[in-house]
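Each value in this text was obtained by applying a stated rule to the coordinates, not by laboratory testing. What you see is a predicted model, and the numbers here were worked out from it, not measured in a lab. All Cβ positions, even for glycine, are placed from backbone atoms using ideal geometry, and neighbour counts span all protein chains on display.
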Amino acid sequence: MPTATQRFVDTNGVTLRVLEAGERGAPLVVLAHGFPELAYSWRHQIPVLAQAGYHVLAPDQRGYGGSTRPDAVEDYDIHALTGDLVALLDDVGVERAVFIGHDWGAMVVWHTALLHPDRVAAVAGLSVPPIPRARARPTQRWREKFGEDFYMLRFQEPGVADAEMEADVAATMRGMFAGLISGDDAALPDWISADEFEHYVTEFGRTGFTGALNWYRNYDRNWETTPQLAGAQTTAPALFVGGTADPVGPTMNPARAREVVAGPYTEEWIEGAGHWVQQERPDDINRILLAFLRDVEQP
């Protein structure tokens with residue numbers, strides 16, 4: 001299997017640490033990780049996609065890992081995040097790519113398809129489906145639907161969740177991977193080895209969680225600055241993959257995907273899979289992604 005190399009890309013006002021594999025000039029696939037993850041979260045997909053003939057770029061997105069962590073909260077809005085991914089195409093001299101994201105990364109790639117349609121050959125979201133623009137600001141909807149204890153509302157206050165998560169990084173990451181519930185007694189799931197887990201603990205122990213949490217603190221700003229997305233649709237081929245045991249599932253509504261996707265759309269469910277699907281069930285995800293990619297026309 002091809003191995004990934006690491007390099008740093010100065011672009012869009014930040015420096016991104018990027019894992020790269022495959023031959024330049026081959027069809028390009030950009031992988032966008034979620035929260036709290038890293039480019040490393042795609043370790044099972046990068047060599048497989050490269051072996052299949054794709055050029056793969058997987059960045060630590062801004063605020064994460066070896067990439068720049070801007071101080072200003074607004075520097076993590078959806079325009080910056082989608083701009084980072086599109087700028088990777090410019091760096092390698094490619095007009096269009098397939099964008100694949102997981103969790104928050106899925107939200108970024110769905111928005112990339114809407115905000116930068118000329119750069120998107122196809123788009124796939126894991127764990128988070130395409131969601132139409134809401135009629136009201138997100139924090140208002142969360143309060144009405146889930147109450148003040150909803151985790152995304154707790155993330156809004158700078159410094160609070162940051163300190164809680166950083167007090168014991170290992171417990172935070174173990175709880176997240178065990179089922180999105182933090183706690184010292186959470187058992188490490190069998191899909192991640194001790195060494196793999198330690199990679200996450202080391203990275204987040206070094207960087208903290210503020211940059212990652214700042215993505216959540218832009219939900220209202222993203223809504224306020226994208227009125228043009230009301231009723232907007234992408235015509236790019238699209239794929240959503242979910243796990244039937246994903247605890248995030250109740251907050252999502254894939255039934256409304258067709259309000260966002262006007263082109264070919266495929267929906268796949270992995271029985272028994274949780275939230276971290278590309279790490280939990282890599283063989284299933286690789287099979288689904290390769291089948292999707294085979295049907296995509298790229299220059």
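I'd like the antiparallel share, as a percent to the nearest 5, of DSSP beta bridges with both residues in the chain.
30 percent
Work out the length of the dipole vector of segment 147-290 about its Cα centre, built from +1 on the beta-carbon of each Lys and Arg and -1 on the beta-carbon of each Asp and Glu, and round it to the nearest 20 debye.
660 debye
Taking neighbour Cβ counts within 10 Å as the exposure measure, how do 269, 42 sort from fewest upward?
Result, fewest neighbours first: 269, 42.
Can you tell me, using C-alpha contacts under 8 Å and at least 6 residues apart, the relative contact order of segment 1-92 as a whole percent?
32 percent
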